[in-house]
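See structure below.
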Amino acid sequence: MIKVRIPTPLRPLTKNQGEVDVTAGSIADLVNTLEASYPGIKARLCDDSGELRRFVNIYVNEEDIRFLKGKDTALKSGDEVSIVPAIAGG
Amino acid sequence: MELTESEIQRYSRHIILQDVGGKGQLKLKRAKVLLIGAGGLGSPAGLYLAAAGIGTIGLVDGDVVDLSNLQRQIMHSTATLGKPKVESGKKTLSAINPEITINAYHQLVDAENILPLVSQYDIVLDGSDNFTTRFLVNDACFFAKKTLISASMFRFEGQLTTIKPHAGYPCYRCLYPEPPPAGLVPNCQEAGVLGVLAGTMGILQASEAIKEILGTGETIADKLLIYDALDMKFRKVGRPKDPACPLCGSNPKIKDLSMDYTVSCTI
Ligand SMILES: [Zn+2]
């Protein structure tokens, strides 16, 4: 089981849950699993070609997956995944 | 430059701290801090920086005080409705501390005016409310080699980091390479925000600015702090330097401020 932290802007898609549990072997797998439960979330995370958007960061534990293996970053049970989009309010 | 008798009294609770002392208080007096945005973040940051004795504070903001600002923008009041925020802010900060200099710039920052402006200051606090300004401020501070303390917020959530690529740390584009296209991420003042969250995040910015000036404590330049007010959770994630960063990477694409920074403001 992997704990996924959903940021405020995406919570309308997860019935306002800030944290959801999923089972997935990689980030790509996790995105598809989230999409199955919460339709629409994938489009917020990935562009039309399926690449992760450049203003949304995904962290496994405390590491940015752009500096690991991107979407191919492996996940294991107990990992915590955080989705962190750029926000601009001041 | 020395501390006057009244300053020694005013800052006595700082001066008795080992990490500040008279020397540190003089550093604060000599420091020049620019606040980009005199709104939700700039208000609490400005109040505490003024009280702390930052010798010169610059306020830059093109807006006037609106009734809907007062739920969080505590530098302003019902009495200054309709006045430029920088004038309203200057009045409040001078009342707290008449011993410091406040410069008010009633203008929007743009690619033309930002470099001459940040060049006059040591540290910049970004409390702007849109991605256009945030990317512009990051790039300008990179070229001017100024430390930037960046905070932002949305509804119940805030983010904070210190940006000082001139000291070997990552820039804002290392964290978020590009702004979102219009419509994908709410980025405007029209989005709701918990008023008190502005206080939490603005004061954290002020605290980091003071630490940078004093040269004390741990920097947050290699981390991103995420605060969720609803869950009452502070989390930090790693923020490495991106070797492929378009601004501070080894083969930069951005060499000046001539790019189009406009991101339309729609939700
Ligand atoms: Zn960079």
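The values are calculated or read from the model by the stated rules, or taken from the named source; none is laboratory data. All figures in this text were calculated on a predicted structure; none of them were measured in a lab. Every residue, glycine among them, receives a Cβ derived from its backbone with ideal geometry; neighbour counts consider all protein chains shown. Note: areas computed on protein heavy atoms with side chains; ligands, DNA, RNA excluded. Shrake-Rupley method; radii C 1.70, N 1.55, O 1.52, S 1.80 Å.
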**OP:** With label points built 7 Å along Cα→Cβ from the Cα atoms of B:D260 and B:K83, find their separation and express it in nm.
**Re:** 4.0
**OP:** For the stretch A:1-76, state what percent of all Cα-Cα pairs lands in each successive 10 Å bin, counting from 0 Å until the bin that includes the largest distance.
**Re:** 19, 59, 22, 0
Original post:
Taking amide hydrogens as modeled 1.01 Å from N in the peptide plane, which residues meet the under 5 Å criterion relative to B:T147, leaving out close sequence neighbours?
Top reply: B:V124
Original post:
If the cut-off is 25 Å between C-alpha atoms, which lysines fall inside it for A:K69, apart from same-chain ones fewer than 8 positions away?
Top reply: A:K3, A:K42, B:K223, B:K236, B:K241, B:K253
**OP:** Enter the mean number of other protein chain beta carbons within 10 Å of the beta carbon of each residue in B:130-137, as an integer.
**Re:** 2
Subject >> Debye intensity ratio I(q)/I(0), log10, the protein assembly as shown, q values 0.11, 0.12, 0.14, 0.15 Å⁻¹ (C-alpha model) >> reply: -0.74, -0.87, -1.15, -1.29
Original post:
Summing Lys, Arg as +1 and Asp, Glu as -1, what charge do residues with Cβ under 12 Å from the Cβ of A:L68 carry, A:L68 excluded?
Top reply: -2
Subject >> Average other protein chain Cβ within 10 Å of Cβ, residues B:207-213 >> reply: 0
**OP:** Tell me which residues come under 5 Å, amide H to amide H, from B:A221 once H is placed; ignore anything under 5 positions away on its chain.
**Re:** B:T162
Original post:
Just B:G217, B:G46, B:G89 to compare: in a GNM of chain B, with alpha carbon springs under 10 Å, which one fluctuates most?
Top reply: B:G217
Subject >> Accessible-area composition of the protein assembly as shown, carbon plus sulfur, in percent [1.4 Å probe] >> reply: 53
Subject >> Neighbouring partner chain Cβ atoms per residue of A:31-40, average, 10 Å criterion >> reply: 0
**OP:** Go through the stretch B:193-206 residue by residue and turn each phi into a ³J(HN,Hα) via Karplus (6.51, -1.76, 1.60, θ = phi - 60°); whole Hz please, and just put x for glycine and proline.
**Re:** 8, 5, x, 5, 4, 4, x, 4, 6, x, 6, 4, 4, 4
**OP:** Quick one: net charge around A:D48, please, counting Lys, Arg +1 and Asp, Glu -1 for every other residue with C-beta under 14 Å from its C-beta.
**Re:** +2
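Can you compute the charge dipole magnitude of the protein assembly as shown about its Cα centre, using +1 on each Lys and Arg Cβ and -1 on each Asp and Glu Cβ, nothing else charged? Give it in debye, rounded to the nearest 20.
460
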**OP:** Determine which aspartates and glutamates satisfy two conditions relative to B:K27: a Cα distance under 16 Å, and not lying fewer than 8 residues away in the same chain.
**Re:** B:E2, B:E7, B:D19, B:E99, B:D122, B:E208, B:E212
Subject >> Amide proton proximity set for A:V81, modelled H, under 5 Å, gap of 5+ >> reply: A:K3, A:V4, A:R5, A:N61
Subject >> Per residue accessible area of the protein assembly as shown, 1.4 Å probe, in Å² >> reply: 43
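Less than 13 Å Cβ to Cβ from B:S119, Lys/Arg counted +1 and Asp/Glu -1: what total charge do the surrounding residues give? Walk me through the numbers on the way to the answer.
On the way: positive: B:K32, B:K145, B:K146; negative: B:D122.
My count for the surroundings of B:S119 gives +2.
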**OP:** With no solvent and one equal point scatterer placed on each C-alpha of chain B, evaluate the Debye formula and give log10 I(q)/I(0) for q = 0.07, 0.08, 0.12 Å⁻¹, two decimals.
**Re:** -0.23, -0.30, -0.70
Original post:
What are the principal axis extents of the Cα atoms in the stretch B:202-267, in Å, biggest first?
Top reply: 38, 37, 21
Subject >> Solvent-accessible area buried by pairing A with B, both sides, nearest 100 square angstrom, 1.4 angstrom probe >> reply: 2800
**OP:** For chain A, build the charge dipole from Cβ charges (+1 Lys, Arg; -1 Asp, Glu) around the Cα centre, then report which of A:A74, A:A24, A:P85 sits farthest towards its positive end.
**Re:** A:P85
Original post:
Mind listing the phi-derived Karplus ³J(HN,Hα) values for the stretch A:15-30, rounded to whole Hz, using 6.51, -1.76 and 1.60 with θ = phi - 60°, and x for any glycine or proline?
Top reply: 6, 6, 7, x, 9, 10, 9, 9, 10, 7, x, 8, 5, 4, 4, 5
Original post:
Hull surface divided by four, with the convex hull built on the Cα atoms of the stretch B:60-182: how many nm²?
Top reply: 8.8
Subject >> Top of B:D122, B:D139, B:D231 by mean-square fluctuation, Gaussian network on chain B, Cα under 10 Å >> reply: B:D231
